[in-house]
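Here the structure comes first, spelled out in structure tokens, and everything after it is commentary.
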């Protein structure tokens, strides 16, 4: 068989696997999906009037990473005077790094609370291939490349002064990659780190936290999905359309911990997911699957670290955060009851109650 024939066969197998899984899930959840449609308009949603989406900022810019990737950045300036003119020492700039298939909107409630507080300068950016940033220009997506993208954002937006890094999920992995590449920043420029719902390298043991059926069917094909996106994107796009009716349901089930989370929140997260291209999704999967940054954690020793995780996080379970604590015994661990992977949205009050005092303590 020629190389092209073998490659075409691999793409066909991968596409077929995705289609079979999607079809199986569609059948399994058909009845429940009817209930989901009803729940979207059900009364009692605490966030039904929340204006999710774009938030105010003082300036925006495009940062070009070393490989040419264009990163969309938004900056919120402090409202309270600080530094010599304000009579107090300058507070660190807080830089937020979001996770896989999301965008800077991930930190909606943290941005809202800190903007109202007005004491810190805040920097938000969309990771390569997400939100309003361009695709990664360096080829296959890799966590190491994300660390370099973060470095470019820091160089452009925080040329001096202290920095606190806040990362969720893949954003936490990005911070670890940055620490691996630039350990000299920690303790000098980076004076605090917050890791939410993330992992240093146990992803392969949980198959990304996907349902067992999806995990069994998809795990063998992770190395092929990048090729499938390049050579047979139409096949995967069609599979995605077939399963689109399940997107809301799966977002609710595997992103949230409460049995009946806010429908508005679920829709907000699912909208972020749906805007992420097939190419981005497939190319990131392999690097997430093989992620191992435990050695990088050594760079964080001596820097205050807060680790936050939901007790019902199926994607990066509590054991992942506990393993981080094994490497960083001085870090603080906060477990948020009955919350899933998007803990900072689902349990914003509890997360902010841990986050704000931590920021105050190290500022």
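The values are calculated or read from the model by the stated rules, or taken from the named source; none is laboratory data. These figures come from a predicted structure and were not determined experimentally. Using ideal geometry, Cβ is built from the backbone for each residue, glycine included, and neighbour counts are taken over all protein chains shown.
Here are some notes:
- The condition of being assigned by TED's automatic domain parsing to the domain that holds residue 109 and free of Cβ contacts under 8 Å to residues at least 40 places away in the same chain holds for only one of 328, 345, that being 328.
- Screening residue 43 against (1) at pLDDT below 50; (2) farther than 30 Å from residue 359 by Cβ leaves a single unmet condition, (1).
- Candidates in the range 156-181 are the residues that are more than 17 Å from the chain's Cα centre (by Cα) and without any contact (Cβ under 8 Å) to a residue 40 or more places away in the chain; of these, the one that is surrounded by the most Cβ atoms within 10 Å (Cβ to Cβ) is 181.
- Residue check for residue 184: surrounded by fewer than 17 Cβ atoms within 10 Å (Cβ to Cβ) and closer than 19 Å to residue 304 by Cα: yes
- Of all residues in the range 170-197, those satisfying the criterion of being modelled with pLDDT of 95 or more and not in a helix (DSSP H, G or I) are 182, 186, 189, 190, 191, 192, 193, 194, 195, 196, 197.
- In the range 286-295, of all residues being buried (at least 18 other Cβ atoms within 10 Å of the Cβ) and in a loop (DSSP other than H, G, I, E, B), the one that is nearest to the chain's Cα centre (by Cα) corresponds to 291.
- Of the candidates 127, 110, the single residue that is within 21 Å of residue 315 (Cβ to Cβ), in a loop (DSSP other than H, G, I, E, B) and either modelled with pLDDT of 95 or more or under 12 Å from the mean Cα position of the chain (by Cα) (or both) is 127.
- The set of residues from the range 133-142 being touching a helix residue (DSSP H, G or I) at 6+ places or on another chain (Cβ under 9 Å), surrounded by fewer than 21 Cβ atoms within 10 Å (Cβ to Cβ) and touching a residue at least 40 places away in the same chain (Cβ under 8 Å) comprises 135, 138, 140, 142.
Each row is one residue, and each column tells you yes or no for (1) in a loop (DSSP other than H, G, I, E, B); (2) closer than 23 Å to residue 180 by Cα.
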{"residue": "257", "(1), (2)": "yes, no"}
{"residue": "269", "(1), (2)": "no, no"}
{"residue": "281", "(1), (2)": "no, no"}
{"residue": "306", "(1), (2)": "no, yes"}
{"residue": "345", "(1), (2)": "no, no"}
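To keep it simple, each residue is scored yes or no on (1) over 19 Å from residue 190 (Cα atoms); (2) crowded, with 19+ Cβ neighbours inside 10 Å; (3) under 19 Å from the mean Cα position of the chain (by Cα).
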{"residue": "252", "(1), (2), (3)": "yes, yes, yes"}
{"residue": "258", "(1), (2), (3)": "yes, no, no"}
{"residue": "274", "(1), (2), (3)": "yes, no, yes"}
{"residue": "284", "(1), (2), (3)": "yes, yes, yes"}
{"residue": "297", "(1), (2), (3)": "no, yes, yes"}
{"residue": "321", "(1), (2), (3)": "yes, yes, yes"}
{"residue": "344", "(1), (2), (3)": "yes, yes, yes"}
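- Among residues of the range 143-152, those that are more than 17 Å from the chain's Cα centre (by Cα) and crowded, with 21+ Cβ neighbours inside 10 Å, counted: 0
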